[in-house]
Structure formats: structure tokens, C-alpha cells
Amino acid sequence: MQAVADQVGATPAQVALAWLLTRGGDVVPIPGTKRVDRVEENTAADAVELDPAQLAVLDGLTPAEGGHHTEAQMQMIER
């Protein structure tokens, strides 16, 4: 992610959001933040242009694994 970000002059978060925006009209990233500067950074991701080679690199990254919540946390939220 960082290598592509360096190539396009963006942050890794912007690259991740830009990549999501290439996934089709039925994929809508919903980043959460509490800070105005992060909202501005996330919004700027719309202007990040990724070429086919960069998209191929991002598509080939190992997907994240594991859940966001522990089993105990899931029990607290009744899932």
C-alpha cells in the first residue's frame, strides 16, 4: 500500500479509499473519523488516480484476516 501511495503522492488511506472507489458503483466506502483533517484527507482520495499496474498490485495484496471483535465482544453485542 505504501509503495503505491508513494508513487501517486497520496497517503495509504487515500490509496485504499481510491482503490475501493474502483470496485464499482455498488461499493461505497464509509470511513469513520473524528478529526476534520482526516475527513479532508479521506475526501481527497476521490482525486487519486490509480493506473492499471497499481490496481494490479493492490488487487494482489494479501487480504486482511480475522474479525474486528473478539468472541467476548461479540457476546456483548449479541451476535
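Any read-out appearing in this document is the output of simple, stated calculations on the displayed coordinates, not a laboratory observation. Quick caveat, the model's predicted, so the values are computed rather than measured. With ideal geometry, Cβ positions are generated from the backbone for all residues, glycine too; neighbour counts draw on all protein chains shown.
Data overview
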read-out: Selection status of GLU65, closer than 18 Å to MET1 by Cβ and surrounded by 12 or more Cβ atoms within 10 Å (Cβ to Cβ); value: no
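Yes/no matrix, rows are residues, columns are (1) in a helix (DSSP H, G or I); (2) out of contact with any Pro (no Cβ under 8 Å at 6 or more places or on another chain); (3) touching a residue at least 40 places away in the same chain (Cβ under 8 Å); (4) hydroxyl-bearing (Ser, Thr, Tyr):
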| residue | (1), (2), (3), (4) |
| --- | --- |
| GLN7 | yes, yes, yes, no |
| ALA13 | yes, no, no, no |
| GLY24 | no, yes, no, no |
| ILE30 | no, yes, no, no |
| GLU41 | yes, yes, no, no |
| LEU55 | yes, yes, no, no |
| LEU61 | no, yes, yes, no |
| MET74 | yes, yes, no, no |
